[in-house]
Amino acid sequence: MVRFMNVNKSYGKLNVIEQLNFDVAEGEMVSIIGPSGSGKTTVLRTLMTLETINDGVIYVEGKPLTHMAKGGALVPADERYLRRMRTSIGMCFQSFNLFPHMTALQNCMEGPVQVLGLSKKEARERSEELLHMVGMIDKRDQHPSRLSGGQQQRVAIARALAMRPKVMLFDEVTSALDPEVIGEVTNVIRKLVTEHNLTMLMVTHQMGFARDISDRVCFFFGGKIEEQGTPSELFGNPQRERTKQFLSAVKEAI
Amino acid sequence: MNFEWSWTLTWEIMPRLLWATANTLLAAGAGYAIALVGGLIFALAQRAALGPVRWAVREFVEFIRSTPLVLQIFFVFYVAPQFGMQLSPWTSGLLAIGLHYSAYLSEVYRGGLEAVPRGQWEACRAINMSARDTYFRIIIPQALVPAVPGMGNYLVGILKDTPMLSVIGVMELMHAANSIGSEHYRYLEPFTLVGLIFFLISLPTAGLIKLLERRLRLGLGL
């Protein structure tokens, strides 16, 4: 579903992603963990085309995301091509990024109406269904400023899902939340994993959560995958020294 | 020396001054309307992807802001005909003052646009919005709220700058007062009245701007 091939990304001399090869299968839930600065968030951001890559190719559903075929060669994609490719990807952010001048419902309807060209009625039905799913239907007419962090993040998830993406990206979606509301967001994601066949990529610091719901966990270090495996392999029996260090450091923090 | 206030003259010249007030309001209103749109165009052009466009607009705005309005009014009125554009005093006056305030308003807009968090742009991209929808449906509405006080200041500013148009013969308040003065050999009454009229227009404008800002905030749910 998603494939990184020899991808490099650097800011000046700093390499954030180095020669990354990474595959995600359809319907797979992959968690990305690792210390800060290991490039894990950048992986999601390049996939959402919020960042450009310097080298290599990213494929989504077998088609190059950042490049397009032109005269037998791959050239950097133009905005029109990017917009077509972006339809299959959705993303939720650490800071929610809801549109503050719109209600919860309007936030969800904006994309379906303006981008997908759905009628207001269809978009409303789709959005209400999703707001119901994330438990926010009662607050549909509230503006984000009237919602708690956990509530905003649930609306943000509904907004992303309203675009019917095939791949969902969660970028530290619980990091800005108070501990007591983290559960309401992780429960929504849990529900997505069990009830929907979405491909999901999640950057998280919630090790317990990652262990619970992931098909695979990747430990990033220095812009590369240092180690990956099933949750029980990676958490239960880490092979690499850096993985062990990281996991024990995290454990101490708890 | 004669400091006596003549009520007879006051009532006599009132109709002319009120007529000129209408012209002043028209000049300020139309000039401001041009500036509202022109300023937005300048502000957006300075964020354009094309480097040379960005640079050219930036320099143009800088140039307008650092040269006197009166010069620009003369320039449009007297120099434009040499390039084959015969413009009436009204047209050239509105063009010059509108352009002048476009430059100032573009800076206000620019500040507002920069105040919108980067996450808003990213959220738009994540739902695959077009650049146009991103600007007009998400970014500009949010940029407007912090821009309103600055926009209000320039509304009062443009009103107070309309007397500059008298230099090319636009019959606004100052021009009218000046003619009245030279016809009657009395300046006390006309100029005092002009001052009073400007004050009476400016004062409620500031209040209206505050109201508008509050309404806008409420309307956008911010």
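The values are calculated or read from the model by the stated rules, or taken from the named source; none is laboratory data. In this text the structure is predicted, and so the values were computed from the model without any measurement. Backbone-built Cβ (ideal geometry, glycine too); neighbour counts: all protein chains shown. The protein model used for the area step is the full one, side chains on, heavy atoms only, and it has no ligands, DNA or RNA in it. Shrake-Rupley method; radii C 1.70, N 1.55, O 1.52, S 1.80 Å.
Tell me the net charge near A:Gln228. Cut-off is 15 Å between Cβ atoms, A:Gln228 excluded, with +1 for each Lys or Arg and -1 for each Asp or Glu.
+2
Return the average number of partner chain Cβ atoms within 10 angstrom of each residue Cβ along peptide A:76-83.
The mean count of partner-chain Cβ atoms within 10 Å per residue comes to 1.
Let me check something: with ligands and nucleic acids excluded, how do A:Asp141, A:Asp178, B:Asp161 order by accessible area (1.4 Å probe), largest to smallest?
The residues order as A:Asp141, A:Asp178, B:Asp161, largest area first.
Taking the Cα centre of chain A as the origin, how large is its charge dipole in debye, to the nearest 20, when only Lys and Arg (+1) and Asp and Glu (-1) carry charge on their Cβ atoms?
Here chain A has a charge dipole of around 560 debye.
Out of residues 5 or more away from A:Glu226 or on other chains, whose amide H comes under 5 Å of its own, with H placed 1.01 Å from N in the peptide plane?
Result for A:Glu226 returns A:Phe219, A:Phe220, A:Phe221.
For the range A:213-227 and the range A:2-37, what is the centre-to-centre distance using only Cα atoms, to the nearest Å?
9
Over what distance in Å are the Cα centres of the range B:159-178 and the range B:90-136 separated?
31
Expressed as a rounded percentage, what relative contact order does chain B have, with Cα pairs under 8 Å and six or more residues apart?
It rounds to 28 percent for chain B.
Taking chain B as the reference, fit the longest principal axis to its C-alpha atoms, fit the long axis of helix B:173-184 to the helix C-alpha atoms, and give the angle between the two in degrees, 0 to 90, nearest 10.
With both axes taken from Cα atoms, the answer is about 10 degrees.
Run down the lysines and flag those whose C-alpha is under 20 Å from the C-alpha of B:Lys160, throwing out any fewer than 8 positions away in its chain.
Answer for B:Lys160, where 20 Å is the Cα cut-off: B:Lys210, listed by chain and number.
Can you find, among B:Met171, B:Leu18, B:Leu95, the residue sitting farthest towards the positive end of the charge dipole of the protein assembly as shown, where Lys and Arg contribute +1 and Asp and Glu -1 at Cβ?
Working it through, the farthest residue towards the positive pole turns out to be B:Leu95.
Counting only C-alpha contacts under 8 Å and six or more residues apart, can you give the relative contact order of the range A:36-174 as a whole percent?
30
Can you tell me the orientation of helix B:51-65 relative to chain B, as the angle in degrees between its alpha-carbon axis and the longest Cα principal axis, to the nearest 10?
20
Sort chain B into rounded, prolate or oblate with this rule: let a ≥ b ≥ c be the square roots of the eigenvalues of the Cα gyration tensor; rounded if a/c is under 1.5, and if a/c is not under 1.5, prolate when a/b is larger than b/c, oblate otherwise.
Oblate, since a/c reaches 1.5 and b/c is not below a/b.
Using the crude model of +1 on Lys and Arg Cβ and -1 on Asp and Glu Cβ, and no other charge, please compute the dipole size for the range B:7-220 relative to its Cα centre, in debye to 20.
For this selection, approximately 760 debye.
Let me make sure I get this right: for chain A, a, b and c are the square roots of the gyration tensor eigenvalues over alpha carbons, sorted descending. Under 1.5 in a/c it's rounded, otherwise prolate if a/b > b/c, else oblate. Which is it?
Judged from the Cα gyration tensor, chain A comes out oblate (a/c at least 1.5, b/c at or above a/b).
For A:Leu65, what residues show an amide H to amide H distance below 5 Å, using hydrogens built from the backbone and excluding near sequence neighbours?
Distant-sequence amide H within range of A:Leu65: A:Ile58, A:Tyr59, A:Val60.
Which whole-Hz couplings ³J(HN,Hα) result when phi for each residue of the range A:21-36 is put into the Karplus expression 6.51 cos²θ - 1.76 cosθ + 1.60, θ = phi - 60°, listed in order with x for Gly and Pro?
Karplus values, whole Hz, x for Gly and Pro: 10, 7, 10, 10, 7, 4, x, 7, 10, 10, 9, 10, 10, x, x, 5.
Pairing the Cα long axis of helix B:188-220 with the longest principal axis of chain B, what angle in degrees results, from 0 to 90 and rounded to the nearest 10?
Roughly 20 degrees, rounded to the nearest 10.
Quick check: the distance between the Cα centres of the range B:36-82 and the range A:43-76, to the nearest angstrom?
39
Probe radius 1.4 Å, ligands and nucleic acids ignored: give me the carbon and sulfur share of the accessible area of the protein assembly as shown as a rounded percent.
Carbon plus sulfur share of accessible area: 57 percent.
Which helices count as membrane-span-like in chain A under these terms: full DSSP H, at least 24 Å along the axis by C-alpha, Kyte-Doolittle mean of -0.5 or more?
Result, helices passing both filters: A:179-195.
Rounded to the nearest 20 Debye, what is the dipole magnitude of the protein assembly as shown about its Cα centre when Lys and Arg each give +1 and Asp and Glu each give -1 at the C-beta?
So the dipole magnitude of the protein assembly as shown works out to roughly 600 debye.
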